[in-house]
Amino acid sequence: HRMPRVTVTRRLSFNAAHRLHNPTWSDDENQQLFGPCNNPNWHGHNYRLDVSVAGDVEARTGYVMDLKRLRDLVEQHVVDKIDHRNLNIDVDFMQGINPTAENIVIACWRVLAPALRPAELTRLRLWETDNNYVEYEGR
């Protein structure tokens with residue numbers, strides 16, 4: 001008989017610098033839209049990333065996915081590449097992308113979805129501040 005489908009979530013943290021900037025716009029346009037986030041000398045955030053995967057509960061282990069393995073994979077594929085880095089310059093999967101929270105979470109999804117299989121990545125929630133987060137569910 002089929003095991004119940006469950007979603008499990010692991011939270012990881014990283015610190016990163018970025019600058020919101022559209023190179024096709026004038027400096028005034030960038031400053032008007034992005035304000036202090038357009039600082040030419042960068043600014044940073046203490047991000048938190050909630051990674052949710054879903055699947056059947058394995059009868060043998062009782063797990064959808066071992067949370068230590070989930071942590072290790074997210075660290076390997078995202079956190080180790082992004083932590084204490086400049087998102088505009090240092091991160092291979094962010095090259096050419098304006099690093100808004102929305103674009104960061106989509107880029108992380110593209111890296112993580114294949115890395116976490118056979119578990120199904122169902123949601124990423126990226127906290128940029130204690131009051132602001134974005135969610136992405138792969139759609």
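The values are calculated or read from the model by the stated rules, or taken from the named source; none is laboratory data. As the structure is a prediction and not an experimental result, all values here were calculated from the model. Counting neighbours? That spans all protein chains shown, and the Cβs are built from the backbone with ideal geometry, glycine included. Just so you know, the surface numbers come from the protein's heavy atoms only, side chains and all, with ligands and any DNA or RNA stripped out. Shrake-Rupley method; radii C 1.70, N 1.55, O 1.52, S 1.80 Å.
State whether one or more residues within segment 114-133 are assigned to a loop (DSSP other than H, G, I, E, B), open to solvent by 60 Å² or more (accessible area, probe 1.4 Å) and among the acidic types (Asp, Glu).
Keep residues of segment 114-133 that are assigned to a loop (DSSP other than H, G, I, E, B), which gives 116-119, 128-132.
Of the ones still in play, those that are also open to solvent by 60 Å² or more (accessible area, probe 1.4 Å) are 117-118, 130-132.
Going one step further and asking which of them are among the acidic types (Asp, Glu), we end up with 130.
The answer is yes; a qualifying residue exists.
From the residues in segment 77-101 that are in contact with a strand residue (DSSP E or B) (Cβ under 6 Å, 6 or more places away or on another chain) and open to solvent by 30 Å² or more (accessible area, probe 1.4 Å), which one is nearest to Arg117 (Cα to Cα)?
Going through segment 77-101, the residues in contact with a strand residue (DSSP E or B) (Cβ under 6 Å, 6 or more places away or on another chain) turn out to be 79, 82-88, 91, 99, 101.
Filter once more, keeping what is open to solvent by 30 Å² or more (accessible area, probe 1.4 Å): 83-85, 88.
Details: Asp83: 23, His84: 27, Arg85: 27, Asn88: 28 Å.
Looking at the filtered set, the residue picked out is Asp83.
Starting from segment 62-74, keep only residues that are outside any loop (DSSP other than H, G, I, E, B), then list their pairs with residues that are open to solvent by 50 Å² or more (accessible area, probe 1.4 Å) and not small (Gly, Ala, Ser) whose Cβ atoms are within a distance under 8 Å, requiring at least 6 positions of separation or different chains.
Cβ pairs passing all conditions: Leu67/Arg10; Leu70/Arg10; Arg71/Arg10; Val74/Arg10.
Hey, can you tell me all the residues within segment 13-59 that are outside any strand (DSSP E or B), more than 23 Å from the chain's Cα centre (by Cα) and charged (D, E, K, R)?
Correct list: Asp27, Asp28, Glu29, Glu58.
Which of the residues belonging to segment 16-31 are in contact (Cβ under 8 Å) with a residue 60 or more places away in the chain and either of a type in the set (Gly, Ala, Ser) or open to solvent by 50 Å² or more (accessible area, probe 1.4 Å) (or both)?
If we filter segment 16-31 for residues that are in contact (Cβ under 8 Å) with a residue 60 or more places away in the chain, which is where we start, we get 16-22.
Ala16, Ala17, listed by residue number.
Checking Ile104 against (1) β-branched (Val, Ile, Thr); (2) over 24 Å from Tyr136 (Cβ atoms); (3) open to solvent by less than 60 Å² (accessible area, probe 1.4 Å), which single condition isn't satisfied?
(2) is the only condition that Ile104 fails.
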